[in-house]
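Student: Quick one: structure below, then a few questions.
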Amino acid sequence: MTSQGVPDLGDVLAARLRIAPYLQPTPAYRYPALDNLAGAQVWVKHENHQPIGAFKARGGINLVAQLSEDERSRGVITASTGNHGQSIAYAASIFGVHAIICVPKEANPVKVDSMRSLGAEVIFHGKDFDDAREHCEKLAAEHGYRYIHSANEPALIAGVGTGTLELLQAQPELEAIVVPVGGGSGACGACVVAKAVRQKIEVIAVQSDAAPSAYLSWRSGELTPAPCGTFAEGLATRTSFELTQQILRELLDDFVLVSDADIRAATLIMIEKTKNLVEPSGAAALAAVLADPDRFAGRKVAVLCSGGNISPAQLLSLWG
């Protein structure tokens with residue numbers, strides 16, 4: 001790890017060893033129907049195949065595995081729209097740690113049920129992630145829980161970076177990797193690994209234009225809040241975060257926005273063409289590829305299917 005607390009490839013390699021007893025590598029598949037639509041060679045990295053249905057399982061295990069005995073005894077608390085919370089609940093269940101997850105009042109019920117099934121205590125607060133996060137931070141200070149930030153945690157970034165490590169070992173000739181962004185840990189992990197393995201690999205972040213805080217912060221060079229109205233809860237934050245923005249400013253090649261309409265269409269396409277359940281944030285990377293065909297034409301590109309935790313109501317609404 002660098003002196004600034006930024007994880008490096010060595011941290012990702014160490015994370016792979018910690019994670020290996022608990023998680024199997026996920027596949028990266030090509031689908032001719034997606035290739036035809038994109039005019040490119042498209043590999044889908046299926047993080048929706050994780051036990052919790054999302055890539056964040058990697059970061060949760062890597063972080064909780066390294067907690068001190070004192071931190072474990074105090075318990076952990078975090079805020080999430082769902083997938084990060086599931087990752088902490090999953091890791092806490094493995095290592096016997098009490099976990100509290102603060103979620104928005106209208107959180108995805110599939111993800112909430114998963115967290116509870118894993119033994120976590122779920123607290124509902126506020127209308128969105130940032131409301132839940134602020135309440136979480138208050139509870140952590142009041143009760144002495146070990147607060148796990150959803151983005152400003154080097155161990156989370158190193159853990160999720162193991163997915164890109166698997167991807168490049170399986171497909172070393174990739175030219176571009178497209179990653180959805182909420183808080184940014186997934187894109188940061190991809191950058192850390194890709195730039196250490198081969199500098200010319202292009203890493204592109206994508207966010208909904210209905211929740212563009214991370215995009216605006218990356219463009220301006222300073223943390224920039226923005227309204228959040230996206231239906232893709234994995235991308236839904238009004239704020240951006242210092243550690244992930246620091247890494248993205250240094251290593252990310254480009255950051256693009258797509259509309260919720262594009263994400264909705266890409267979700268349907270991924271479900272149909274890959275025969276996988278995909279949540280909207282998990283389809284955002286494909287939405288970016290399909291929205292700019294000239295950029296990706298003829299190239300070898302990977303899209304991170306970051307999660308598959310779509311609720312029945314969300315699934316029905318896609319055809320609404």
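The values are calculated or read from the model by the stated rules, or taken from the named source; none is laboratory data. Quantities reported herein were computed from a predicted structural model and do not represent experimental measurements. So basically every Cβ, Gly included, is an ideal-geometry build from the backbone, and we count neighbours across all protein chains shown.
Student: Considering only the range 266-320, how many residues are at pLDDT below 95 and aromatic (Phe, Trp, Tyr)?
Tutor: So the answer is 1.
Student: Follow-up. In this structure, is ILE247 of a type outside the set (D, E, K, R), closer than 24 Å to PRO27 by Cα and at pLDDT 95 or above?
Tutor: no
Student: Also: Being in contact with a Leu (Cβ under 7 Å, 6 or more places away or on another chain) and either not assigned by TED's automatic domain parsing to the domain that holds LYS300 or not in a helix (DSSP H, G or I) (or both) is the filter here, so list the residues in the range 14-37 that pass it.
Tutor: Correct list: ALA28 only.
Student: Counting just the residues of the range 217-235 that are surrounded by 24 or more Cβ atoms within 10 Å (Cβ to Cβ) and small (Gly, Ala, Ser), which one comes out nearest to the chain's Cα centre (by Cα)?
Tutor: GLY234
Student: Oh, and also: Which ranges mark the helices (runs of 4 or more DSSP H) fully within the range 45-120 that have 3 or more residues being surrounded by 21 or more Cβ atoms within 10 Å (Cβ to Cβ)?
Tutor: Result: 57-64, 83-95, 109-117.
Student: Could you please find all residues in the range 180-197 being in a helix (DSSP H, G or I) and either buried (at least 24 other Cβ atoms within 10 Å of the Cβ) or touching a Phe, Trp or Tyr at 6+ places or on another chain (Cβ under 9 Å) (or both)?
Tutor: SER185, GLY186, ALA187, CYS188, GLY189, ALA190, CYS191, VAL192, VAL193, ALA194
Student: Something else: Mind counting the residues in the range 31-44 that are under 17 Å from the mean Cα position of the chain (by Cα) and surrounded by fewer than 23 Cβ atoms within 10 Å (Cβ to Cβ)?
Tutor: 0
Student: Oh, and also: Evaluate the following for GLN50: is it over 30 Å from ILE271 (Cα atoms), at pLDDT 95 or above and polar (S, T, N, Q)?
Tutor: Taking the combined requirement at face value, the residue does not satisfy it.
Student: Say whether the condition of being touching a strand residue (DSSP E or B) at 6+ places or on another chain (Cβ under 9 Å) and more than 23 Å from ARG18 (Cβ to Cβ) is met by at least one residue in the range 143-151.
Tutor: For the range 143-151, residues touching a strand residue (DSSP E or B) at 6+ places or on another chain (Cβ under 9 Å) and more than 23 Å from ARG18 (Cβ to Cβ): present.
Student: In this structure, does ALA155 turn out to be at pLDDT 95 or above, buried (at least 21 other Cβ atoms within 10 Å of the Cβ), more than 19 Å from GLY53 (Cα to Cα) and touching a Pro at 6+ places or on another chain (Cβ under 7 Å)?
Tutor: No, not satisfied.
Here's the yes/no breakdown for (1) touching a helix residue (DSSP H, G or I) at 6+ places or on another chain (Cβ under 7 Å); (2) surrounded by fewer than 24 Cβ atoms within 10 Å (Cβ to Cβ):
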position	(1), (2)
LEU277	yes, yes
PRO280	yes, no
ALA283	yes, no
LEU286	yes, no
LEU290	yes, yes
PRO293	yes, yes
GLY298	no, yes
CYS305	yes, no
LEU316	no, yes
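Student: Still on this structure: Report whether or not THR230 is in the same structural domain as GLN50 (by TED's automatic domain parsing), under 24 Å from GLN314 (Cα atoms) and at pLDDT below 95.
Tutor: Answer is no for this residue.
Residue by residue, here is whether (1) touching a strand residue (DSSP E or B) at 6+ places or on another chain (Cβ under 7 Å); (2) modelled with pLDDT of 95 or more; (3) of a type in the set (A, V, I, L, M); (4) closer than 27 Å to VAL12 by Cα holds:
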{"position": "LEU63", "(1), (2), (3), (4)": "no, yes, yes, yes"}
{"position": "LEU67", "(1), (2), (3), (4)": "yes, yes, yes, yes"}
{"position": "SER73", "(1), (2), (3), (4)": "no, yes, no, yes"}
{"position": "ILE77", "(1), (2), (3), (4)": "yes, yes, yes, yes"}
{"position": "GLY85", "(1), (2), (3), (4)": "yes, yes, no, yes"}
{"position": "ALA92", "(1), (2), (3), (4)": "yes, yes, yes, yes"}
{"position": "SER117", "(1), (2), (3), (4)": "no, yes, no, no"}
{"position": "ALA141", "(1), (2), (3), (4)": "no, yes, yes, no"}
